[in-house]
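**Q** First the structure, which I've put down as C-alpha cells, then a few questions once you've had a look.
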Amino acid sequence: MEIHTDALVVGGGLGGVAAALALLRAGSDVVLTEEYDWLGGQLTSQAVPPDEHPWVERLGVTASYRALRDGIRDYYRRHYPLTERARARPELNPGAGRVSRLCHEPRVAVAVIESMLAPYRGSGRLRVLQPYRPVRADVDADRVSAVTLAHRDTGARATVRARVVLDATETGELLPLTGTEYVTGFESRAETGEPSAPAEAQPQNMQAISVCFAVDHVDGDHTIERPATYDHWREYRPPFWGDRLLSWRAPTPRTLEPVERSFTPNPDEDPTEVLGDLQRPGGDMELWRFRRIAARRNFEDGAYASDITLVNWPMIDYFDGSIIDVPDAGRHVEAARELSRSMLYWMQTEAPRPDGGTGYPGLRLRGDVVGGADGLAQAPYVRESRRIRALRTVREQDIALAVRGDRGAVRYDDSVGIGMYRIDLHPSTGGDNYIDVGCSPFEIPLGALIPQRVDNLLAAAKNIGTTHITNGAYRLHPVEWNIGEAAGALAAFCLDRDLPPHAVHEKDELLSDYQSLLVRSGVELHWPPVSGY
C-alpha cells in the first residue's frame with residue numbers, strides 16, 4: 001500500500017493529535033499513524049492523568065488544549081451519572097486527584113480526541129493508520145521523501161509519501177531512520193553549560209519509564225497470580241531509596257529524603273473539596289488520592305462500588321535499563337511490566353495496613369479502564385525521548401528558577417507557545433536520584449522544533465531541542481500539545497507557501513506572519529507576570 005498526502009504525522013500521542021488538528025484546520029490533507037490502540041499517548045494509552053500548572057483553568061494553554069479539557073468535562077456531564085453538586089461545578093474534577101484539576105478515566109479522553117478528529121475522517125482529509133509503527137524512511141539529500149510503516153500485529157506494510165513529515169513518536173523513532181542528528185540522555189556540562197549537568201556526557205542515562213495501572217477496592221479476594229520475578233523485585237533495594245523499592249517508603253522528589261507514604265482506599269470525604277495543585281509539595285504523600293481518576297462520591301449512589309485510582313507512583317519507576325538505542329529494549333519494557341505486576345501483588349499480599357495487618361486483597365486490577373490486554377496500561381509511560389540537534393536548544397540556565405530568579409525564563413523572539421512545570425526528572429538509568437527543582441514559566445522557541453540540517457522534518461512531541469534536564473519541564477501534557485500544535489501550524493504554513501521551515505525561522509517577516517497565525521488560533525506566546533515555583 002502506498003499513500004500520497006500533504007503531511008505525515010508519525011505518532012498519535014498528544015503532540016501528534018494536536019499537530020494533525022492544526023494541519024487539518026489549515027486545509028491540508030493528513031496521514032496520522034499510531035502504534036497503540038488508542039490515540040492520545042501519555043493521556044490515554046500510557047494512562048497518565050494530566051500534569052498541569054496551577055493557572056491552567058485561566059491561562060497558559062492553547063485554545064485547542066482547553067477545548068480538549070472542556071470536552072472531557074462535557075463528556076462526563078452528558079454521559080455519566082454525576083451528583084448534582086459535581087455536575088454544577090465549572091471546574092469538575094471527576095477523579096478528585098491531587099495531581100491535577102482534571103483527573104479522569106483515559107477512555108473519556110480517547111472519546112473526546114476521536115470526536116475532535118471525526119469531521120476530518122468523515123471528509124476523507126484525515127487518514128489514520130493504526131496500529132502502525134515506522135520501520136524505514138527514504139531520504140533524498142536533506143529531505144524525507146517517504147516513510148514505511150508496519151502493522152503491529154500482521155506486519156503488513158504501508159509507505160506514505162508526503163511533502164512534510166512530523167515526528168510525534170514517544171521516543172523520536174524517525175530520527176535514526178532518517179539520519180537526523182539527535183542526542184540522548186545526559187549532555188555534558190562542557191556542551192550545555194548547565195549547572196546540574198555532569199562533567200562527561202552520559203547518552204544512556206535516561207529517566208525511568210513506568211507501566212501504569214488502575215485499581216479499585218471492593219469486597220472479595222482479587223489477588224493476581226504471583227509474578228514470575230516477584231522475589232527479585234521484593235528484595236530490590238536501590239542504593240538511594242532508603243528501603244526496598246516495593247514498600248510505602250520512597251524519596252521525596254524535592255528533598256530526596258526517604259519518607260513513608262500512606263495508603264487509604266476509599267476515604268470518606270467530599271471530593272469537591274480536594275484541590276489538585278502540584279505547586280503545593282506533598283501531594284503524593286497519600287497515594288490513593290494522588291492520581292485518583294474516579295471518585296465514587298462524585299457519582300450517584302451505587303454507580304461506582306469504589307473509587308478508581310491510577311498507580312503511577314515512585315515504586316513502579318523502572319530504571320534498570322534504557323529502551324532507546326539498545327538491542328534489548330523489549331526486555332526492559334517487559335521487566336517494567338513485571339515490576340508493576342509485582343507492586344500490585346505486594347500491595348495485595350504483603351503491604352502493611354494501618355490496623356496492623358498486611359495486604360489489601362480487595363484491590364482489583366482494572367484493565368478495562370486502561371485498555372491493556374494484561375490489565376496494565378497499553379504502553380509504557382516514556383518520560384524522555386531522543387531529541388533533535390535543533391536550531392535552538394533550551395538549557396537549564398534558560399528556565400531554572402535558581403538561575404533566573406525574578407527575571408523569569410528567557411524570552412524568545414521566536415516563541416511559539418508557553419508552558420510551566422517544575423524541572424522534574426525521575427530516577428534514571430544512570431543511577432541518579434530525582435532532580436526536582438524550581439522552574440520559571442517558560443516559552444517554547446520555534447528553533448527547538450527544527451532540526452539543524454533536515455529541511456522537511458519537524459519535531460512535534462518530547463523530541464524537540466531540549467536537554468536531559470529541561471526535558472523534565474517540557475515533557476508534560478499541555479506543553480507536548482502546544483509543541484505539536486505549533487509544529488502542525490508551521491507545516492501547514494510552509495505547505496501553503498512552498499517554503500522550508502528553516503526559512504520561517506530565518507526571515508523576520510515570515511516568522512511574524514506565522515506567529516500571528518498562531519495567536520489567531522489561540523496560542524499564547526508569552527506569559528503575563530506570574531512567578532515560578
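**Q** What whole-number value in Å² describes the accessible area per residue of the stretch 325-437 for a 1.4 Å probe? Could the numbers behind the result be given before it?
**A** Details: 4050 Å² over 113 residues.
Accessible area per residue: 36 Å².
**Q** Moving on. Can you find, among Asn456, Leu23, Gly330, the residue farthest towards the positive end of the dipole of the chain? Put +1 on the C-beta of Lys and Arg, -1 on that of Asp and Glu.
**A** Leu23
**Q** Can you give me the % of accessible surface on the stretch 66-146 that is carbon or sulfur? Probe 1.4 Å, all protein chains present, nothing else counted.
**A** Heavy-atom surface of the stretch 66-146 belonging to carbon and sulfur, 1.4 Å probe: 47 percent.
**Q** Using Cα-Cα distances under 8 Å and only pairs 6 or more residues apart, what relative contact order does the stretch 397-533 have, in percent?
**A** Rounded, it is 30 percent for the stretch 397-533.
**Q** What is the Cα coordinate range of the stretch 206-248 on the first, second and third principal axes, sorted by size from largest, in whole angstrom?
**A** Largest first, the stretch 206-248 extends 37, 22, 20 Å along its Cα principal axes.
**Q** Considering only C-alpha atoms, what is the centroid distance from the stretch 510-533 to the stretch 348-367, in Å?
**A** 48
**Q** While we're here: Using bins 10 angstrom wide from zero, how does P(r) for the stretch 217-345 break down, in % of all Cα pairs?
**A** 11, 34, 34, 18, 3, 0
**Q** Could you state the accessible area per residue of the stretch 146-207 in Å², with a 1.4 Å probe and every protein chain left in place?
**A** I get 38 Å² per residue for the stretch 146-207.
**Q** Which residue, Trp233, Thr223, Cys212, has the largest displacement toward the positive end of the dipole of the stretch 174-259 when charges sit on each Cβ (Lys, Arg +1; Asp, Glu -1)?
**A** Of the options given, the answer is Trp233.
**Q** Something else: Convex hull over the Cα atoms of the stretch 368-510, averaged projected area in nm²?
**A** Its Cα hull, projected and averaged over all orientations, spans 10.8 nm².
**Q** May I ask for the Rg/Rh ratio of the stretch 421-492, computed from Cα atoms with Rh as the Kirkwood radius, given to two decimals?
**A** Rounded to two decimals, Rg/Rh equals 1.02.
**Q** Rank by packing, highest mean first: peptides 327-333, 67-73, 113-119, with packing defined as the count of other Cβ atoms within 10 Å averaged across residues.
**A** Output ranking for 327-333, 67-73, 113-119: 67-73, 113-119, 327-333.
**Q** Counting just the Cα atoms, what span does the stretch 309-395 cover along each of its three principal axes? Round to the nearest Å and put the largest first.
**A** Between the extreme Cα coordinates on each principal axis of the stretch 309-395 lie 57, 30, 24 Å.
**Q** Roughly how big is the stretch 141-297's charge dipole about its Cα centre, with Cβ charges of +1 (Lys, Arg) and -1 (Asp, Glu), in debye to the nearest 20?
**A** 400
**Q** Under a plain spin-label model, where a point goes 7 Å from the Cα along Cα-to-Cβ, how far apart in nm are Asp221 and Ala111?
**A** 3.6
**Q** With the Cα gyration tensor of the stretch 117-217 giving a ≥ b ≥ c as the square roots of its eigenvalues, does the rule (a/c under 1.5 for rounded; else a/b larger than b/c for prolate; else oblate) give rounded, prolate or oblate?
**A** Because a/c hits 1.5 or more and a/b fails to exceed b/c, the stretch 117-217 counts as oblate.
**Q** Okay, moving on. Given the convex hull over the Cα atoms of the stretch 145-198, what projected area results after averaging over all orientations, in nm²?
**A** 5.6
**Q** Would you work out the relative contact order for the chain, in percent, from Cα pairs under 8 angstrom that are 6 or more residues apart?
**A** On the way: 1301 pairs, mean separation 119.1, N = 533.
Averaging sequence separation for qualifying contacts and normalising by length gives 22 percent for the chain.
**Q** A further question follows. So, with a 1.4 angstrom probe, what is the percent of accessible area on the stretch 289-440 that is carbon and sulfur?
**A** Details: 2290 of 5030 Å².
The value for the stretch 289-440 is 46 percent carbon and sulfur by accessible area.
**Q** Accessible area per residue, 1.4 Å probe, Å², for the stretch 86-132: what's the number?
**A** 37
**Q** I've got another one for you. Volume per residue, Å³, of the convex hull around the alpha-carbon atoms of the chain?
**A** Working: hull volume 76.9 nm³, N = 533.
Convex hull volume per residue, Cα atoms: 144 Å³.
**Q** Right, something else. Provide the descending list of Cα extents for the stretch 260-320 along its principal axes, expressed in whole angstroms.
**A** 43, 25, 17
**Q** For q = 0.29 Å⁻¹, what log10 I(q)/I(0) does the stretch 350-415 give under the Debye formula with an equal point scatterer on each alpha carbon and no solvent?
**A** Results for the stretch 350-415 at q = 0.29 Å⁻¹ read -1.16.
**Q** About its Cα centre, what dipole magnitude does the chain give when the only charges are +1 on Lys and Arg Cβ and -1 on Asp and Glu Cβ, stated in debye to the nearest 20?
**A** Dipole of the chain, to the nearest 20 debye: 600 debye.
**Q** Right, next: Round to a whole angstrom and tell me the spacing of the C-alpha centers of the stretch 241-306 and the stretch 100-150.
**A** Rounded to whole Å, the Cα centres lie 33 Å apart.
**Q** If one computes the Cα centroid of the stretch 314-341 and of the stretch 402-426, what distance in Å separates the two points?
**A** Rounded to whole Å, the Cα centres lie 30 Å apart.
The values are calculated or read from the model by the stated rules, or taken from the named source; none is laboratory data. A quick note: this is a predicted structure, and the numbers were derived from the prediction, not measured. Heads up, the Cβs are rebuilt from the backbone with ideal geometry, glycines too, and the neighbour counts pull from every protein chain shown. We work out accessible area using only protein heavy atoms, side chains counted, and drop any ligands, DNA or RNA first. Shrake-Rupley method; radii C 1.70, N 1.55, O 1.52, S 1.80 Å.
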